[in-house]
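A short reminder: the numbers here are calculations on the coordinates, not readings from a lab. Here the structure is a predicted model, which means the values were calculated and not measured. We place every Cβ from the backbone using ideal geometry, glycine too, and count neighbours over all the protein chains shown.
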Amino acid sequence: MASSNVTHNPADMAPPARGLYSHAVEIPANSRQLFVAGQVGVRPDGSLPEGFDEQVEQMMRNIGAVLASAGMDFADVVKVNAYCRSAEEIIAYAGIRNRFFDGAPPATTAIVVPGLANPDWLIEADVVAAKQG
Amino acid sequence: MASSNVTHNPADMAPPARGLYSHAVEIPANSRQLFVAGQVGVRPDGSLPEGFDEQVEQMMRNIGAVLASAGMDFADVVKVNAYCRSAEEIIAYAGIRNRFFDGAPPATTAIVVPGLANPDWLIEADVVAAKQG
Amino acid sequence: MASSNVTHNPADMAPPARGLYSHAVEIPANSRQLFVAGQVGVRPDGSLPEGFDEQVEQMMRNIGAVLASAGMDFADVVKVNAYCRSAEEIIAYAGIRNRFFDGAPPATTAIVVPGLANPDWLIEADVVAAKQG
């Protein structure tokens, strides 16, 4: 689905590192906005995949489920903030994440953290999305 | 006060961990929004409570004061991001926080951090709120 | 440029620590919003300054370039979230940052993190901005 949001990657600055994100996304006036809580890799039945990649994939599916509940999809995502355990896992996460964005990643931030609310969670990410009409 | 925002907890994903938050909150178009700086447990006179629980309670009162300044209250809060020192303190904070939300918690994220701008601060949280009209 | 956003620093709470930020900024309805990805101190040619202060200054110039791409400037910034390596560097960053805000700093949050996506990056910050019309 086409989004009403506008991506900015100005030519007078270095391109986004490794091409993994967009420098900014603009939401037009009169949009509704969705603020998504920090999502983790827990499956609908409450179980948790063991591997990092599997948790990232399930986390992205969970984000997709929340977006769908609001009549939105990944094309409407403006910003993703992710919390990882290492720089290496940030890069791995971004690669998996971007398969859900179909070549047009949103604005993102990712930081290394010493822990999350549950020590079994290997990643957490929250999202802002917006859609006109 | 009733809020114009809409909570999303879709049935096709696991419910929010420990029931402590909502998966997402949607802001309708034509809302004004309030972005609140990271708040800490400093009292109006500049003093700082010693205990963790006391700092969380004062932090929540500070958030309430900022909301009131904009003609909003806790029912208008969309997102809370908190920065704590341990997973245990994240759970303790969420319990105290939710007494201010009257059974309808917003979307939240909480991460463990190694430090804040002042080593005496035991917690910090920032907030997004929104209200129509 | 005058901004359509409204700053809140209510008198019934302690003023912002060290006067370095505003307690909240309100965006009126019918504003367009810009969500800026985590920016770092990389120059337009891809090189990275060695010193912390130099990286902060370049990061702020990068934020300025993204704002300009959306027809905005620093007066339209609502929130800045920064990720630093120590409490001391948070204070140093805030001083440099505020030279770009001309006496009217936005709402901010800053936390200490153990790492960013690239170990050479000494600071990262993301921004939300908004403008009517």
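Structure notes:
- Any hit, the stretch C:100-109, residues being in contact with a helix residue (DSSP H, G or I) (Cβ under 8 Å, 6 or more places away or on another chain) and at positive phi: yes
- In the stretch A:51-66, the condition of being among the small types (Gly, Ala, Ser), over 16 Å from the mean Cα position of the chain (by Cα) and not in a loop (DSSP other than H, G, I, E, B) is met by no residue.
- Residues located in the stretch B:86-102, provided they are facing another protein chain (nearest Cβ under 8 Å) and among the hydroxyl-bearing types (Ser, Thr, Tyr): B:Ser86
- Filtered residue count, the stretch C:103-124, keeping only those that are outside any strand (DSSP E or B), touching a residue at least 60 places away in the same chain (Cβ under 8 Å), buried (at least 18 other Cβ atoms within 10 Å of the Cβ) and away from chain B (no Cβ under 13 Å): 3
- Criterion violated by A:Arg61 - all others in (1) free of Cβ contacts under 8 Å to residues at least 60 places away in the same chain; (2) within 21 Å of C:Ile123 (Cα to Cα) satisfied: (2)
- Candidate set: the stretch A:2-37, residues that are farther than 15 Å from C:Leu34 by Cα, among the aliphatic types (A, V, I, L, M) and assigned to a loop (DSSP other than H, G, I, E, B); chosen: the one farthest from the other protein chains (Cβ to nearest Cβ): A:Ala2
- Test: residue in the stretch C:18-38 that is surrounded by 19 or more Cβ atoms within 10 Å (Cβ to Cβ), within 27 Å of A:Gly115 (Cβ to Cβ) and among the polar types (S, T, N, Q): no
- Test: B:Ala75 is without any contact (Cβ under 8 Å) to a residue 12 or more places away in the chain and either closer than 17 Å to B:Ile123 by Cα or assigned to a helix (DSSP H, G or I) (or both): no
- Of the listed requirements (1) β-branched (Val, Ile, Thr); (2) within 7 Å of another protein chain (Cβ to nearest Cβ); (3) in contact (Cβ under 8 Å) with a residue 60 or more places away in the chain, A:Val40 misses just one: (2).
- For A:Gly46, the requirement of being at the interface with chain B (Cβ under 8 Å from one of its Cβ atoms), small (Gly, Ala, Ser) and free of Cβ contacts under 8 Å to residues at least 60 places away in the same chain is met.
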